Amino acid sequence: MIISLIIGGLAFCGVSVFCFYKANYCACTRAGQCDNPVNHYWVGAMFSALISLALCCLALHVEWGTLLWLILMGSCFLGAFISSKQYQYKQCKKATQASALLTNEIN
């Protein structure tokens with residue numbers, strides 16, 4: 001029972017981080033065009049985080065559950081941050097290679 005609550009908390013942490021990054025991406029790249037989805041993503045991020053916190057606190061009581069929730073959220077945010085940096089690096093590398101082909105440069 002405890003392990004299933006912790007796994008559920010981890011799943012909701014992942015959903016919360018996804019919604020958070022999706023809201024930020026939408027707000028930064030399409031400012032003014034997607035106000036409604038941004039609001040939905042923010043609500044989804046906050047609601048998922050609260051559900052995750054509740055599941056962790058049910059599993060391990062308040063102090064340890066909150067600590068576990070902070071660790072889970074930090075891990076999910078760190079994983080998403082590293083993934084986005086890797087994706088940006090790959091996109092930058094592809095753009096540099098395409099630019100070199102257009103200008104007839106040798107790598």
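Data overview
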{"item": "Distant alpha-carbon pairs in segment 2-82 (separation over 14 angstrom), percent", "result": "60 percent"}
{"item": "Relative packing of 52-61, 20-29, which averages over residues the other C-beta atoms within 10 Å, highest first", "result": "52-61, 20-29"}
{"item": "Estimated distance in nm for a label pair at K93 and F77, the labels positioned 7 Å out from Cα along Cα-to-Cβ", "result": "2.8 nm"}
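Each reported figure results from applying straightforward, stated rules to the coordinates on display, with no laboratory input. This one's a predicted model, so the numbers in the text were calculated from it and none came from an experiment. Neighbour counts are summed over all protein chains in view; Cβ atoms, including those assigned to glycine, are modelled from backbone coordinates with ideal geometry.
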